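Down below is the structure, laid out as structure tokens.
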Amino acid sequence: MQPSNLPNIAIVGATGAVGQTLIALLEERDFMYNRVTALASARSVGRTLQVRGQDVTVQALDTFNFTGTDIAFFSAGGSVSEKHARRAASEGALVIDNTNAFRMDEDVPLVVPQVNATVVDQRPASNIIANPNCSTIPLVRLLQPLNDYTPINSVVVSTYQAASGAGLTGIDELRRSAGRVLSNAGDADTDNTKFSDPLGFNLIPSIDRPLQTGFTLEEQKMLQESRKILGIPEFSLTATCVRVPVLNGHSETAYIQFANAVDREEIVQTLSQAEEVIVFDNGPGTISYPTPRFLKDPNQVHVGRIRVNPDDARGLWLWLIADNIRIGAALNAIQIAETVTSQWVH
Ligand SMILES: NC(=O)c1ccc[n+]([C@@H]2O[C@H](COP(=O)([O-])OP(=O)(O)OC[C@H]3O[C@@H](n4cnc5c(N)ncnc54)[C@H](OP(=O)(O)O)[C@@H]3O)[C@@H](O)[C@H]2O)c1
């Protein structure tokens with residue numbers, strides 16, 4: 001393809017954890033584009049970023065006109081997307097949005113390419129495609145092949161979500177908080193902005209805002225988004241989301257209740273055949289698992305501890321981990337872009 005046929009892309013939130021990873025992935029995946037524009041807040045205007053060895057100067061989102069931009073990746077927070085994404089879409093850019101702003105909107109497809117790429121066979125009228133929550137993506141990537149193997153009745157999931165899920169500030173906050181504990185500086189972390197409690201050597205069973213139901217918005221997102229992505233409106237899933245003092249990599253335990261008895265070896269085989277999934281399994285009587293600090297491949301979903309409930313052969317436990325910034329955001333967004341550029345964005 002000639003450069004003029006390649007997409008012009010914009011990265012909104014280019015200086016953040018997701019934006020920086022998007023930039024790294026453009027190079028790693030040899031994503032072909034004609035021109036890249038880096039956008040962020042007024043704080044970063046004039047900063048120089050390296051994109052594929054080229055200097056790119058950060059511009060202000062507030063004053064940027066998206067006319068002539070083919071794909072705009074938005075990763076700058078929900079309120080920024082609410083303010084600017086529909087404008088970008090109306091100026092002609094296909095918006096791939098990493099925030100919670102539009103995920104449940106009827107005119108916005110919610111896409112995990114390994115699961116439901118067909119929903120973007122055609123350009124949506126809204127010109128916006130949403131990227132799901134970072135805990136939902138790896139889970140549905142396992143649930144879909146399992147549900148194809150034999151129907152799932154319900155899922156109970158607990159998440160163990162890393163500090164990086166709250167961006168670069170979240171990572172800094174964990175480092176500071178852990179440093180205070182290690183240096184015996186006391187428990188009074190007074191500079192928390194991202195987490196409701198000091199995260200160093202701690203666990204916080206509350207992510208995003210509380211709802212009247214007693215659940216948090218993060219927990220509700222996992223239910224609603226799974227239903228939309230799997231295309232099963234009555235899909236039964238319930239979650240507890242916990243922030244843990246891990247720098248990067250979200251872990252989850254899932255208890256999956258099937259309609260029928262399942263065979264452990266067939267489950268292992270089903271998951272081994274799933275796209276971009278690494279299965280940890282050394283057979284019955286052994287314990288095999290990934291850990292978030294030492295992921296084999298940050299571009300794949302890792303799953304282990306696969307075991308059938310000895311008291312109920314329809315019940316299956318598993319332990320999964322995915323790099324939340326890659327699989328949970330930047331990589332999924334690039335894979336959406338790869339899907340649509342091969343089909344309809346030129
Ligand atoms: N981290 C994850 O695991 C993850 C996973 C899924 C989805 N997401 C979503 O992705 C988004 C970004 O997350 P992150 O982890 O990259 O956060 P981050 O590290 O805090 O980065 C935030 C980015 O947004 C920019 N920004 C903030 N306010 C802005 C404004 N008013 N106008 C323009 N740009 C603005 C920042 O620019 P400055 O440098 O100029 O402040 C920075 O580039 C969030 O909505 C988050 O929910 C994150």
Quiz item: Can you list the residues, at least 5 places off or on another chain, whose amide H is less than 5 Å from the amide H of residue 47, using H built in the peptide plane?
Solution: 58
Self-check item: Taking 73, 201, 258, 280 and counting other C-beta atoms within 10 Å, the order from fewest to most
Solution: 201, 280, 258, 73
Quiz item: If one computes P(r) from the Cα atoms of the chain, what percent of pairs lie at distances over 27 Å?
Solution: 47
Quiz item: aspartates and glutamates within cross-link reach of residue 194: Cα-Cα under 14 Å, excluding same-chain residues under 8 positions apart?
Solution: 172, 173, 208
Quiz item: Taking every DSSP beta bridge that has both residues in the chain, what percent is antiparallel when rounded to the nearest 5?
Solution: 50
Self-check item: Helix 217-230 axis, angle to the chain major axis (alpha carbon atoms, nearest 10°)
Solution: 90
Exercise. Per DSSP H run of at least 4 residues, take -39500 (n - 2.57); add these up for the chain, divide by its residues and hand me the 222 nm value, nearest 500 deg cm²/dmol.
Key: -8500 deg cm²/dmol
Self-check item: Rounded Å value of the spacing that divides the Cα centres of the stretch 81-97 and the stretch 141-211
Solution: 29
Self-check item: Highest-MSF residue in the chain out of 117, 333, 42 [GNM, Cα springs under 10 Å]
Solution: 42
Quiz item: Fewest to most neighbouring Cβ within 10 Å: what's the order for 43, 175, 326?
Solution: 43, 175, 326
Quiz item: When a footprinting reagent is the concern and you count Cβ atoms within 10 Å, what order do 338, 266, 173 take, fewest first?
Solution: 266, 338, 173
Exercise. Would you mind working out the magnitude of the charge dipole of the stretch 198-346 relative to its Cα centre, with +1 at each Lys and Arg C-beta and -1 at each Asp and Glu C-beta, to the nearest 20 Debye?
Key: 380
Practice problem: Mind jotting down the distance between the C-alpha centroids of the stretch 7-25 and the stretch 110-130, whole Å? | Solution: 20
Self-check item: Principal-axis tilt of helix 78-90 within the chain, Cα atoms, nearest 10 degrees
Solution: 60
Self-check item: Of 249, 283, 77, the one that fluctuates the most in a GNM where the chain has Cα springs shorter than 10 Å
Solution: 283
Quiz item: What angle, in degrees between 0 and 90 and rounded to the nearest 10, separates the Cα long axis of helix 17-28 from the longest principal axis of the Cα atoms of the chain?
Solution: 80
Practice problem: Once you've got the GNM for the chain with C-alpha springs shorter than 10 Å, pick whichever of 257, 212, 50 has the biggest mean-square fluctuation. | Solution: 212
Exercise. Calculate one ³J(HN,Hα) per residue across the stretch 168-180 by plugging θ = phi - 60° into the Karplus curve 6.51 cos²θ - 1.76 cosθ + 1.60, and present them in order as whole Hz with x for glycine and proline.
Key: 4, 5, x, 4, 4, 5, 5, 4, 5, 5, 5, x, 5
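The numbers here are math on the coordinates, done by the rules we state, and not lab data. Everything numeric in this text was worked out from a predicted model, so none of it was measured. Note that each Cβ is placed from the backbone with ideal geometry, even for glycine, and that neighbours are counted across all protein chains shown.
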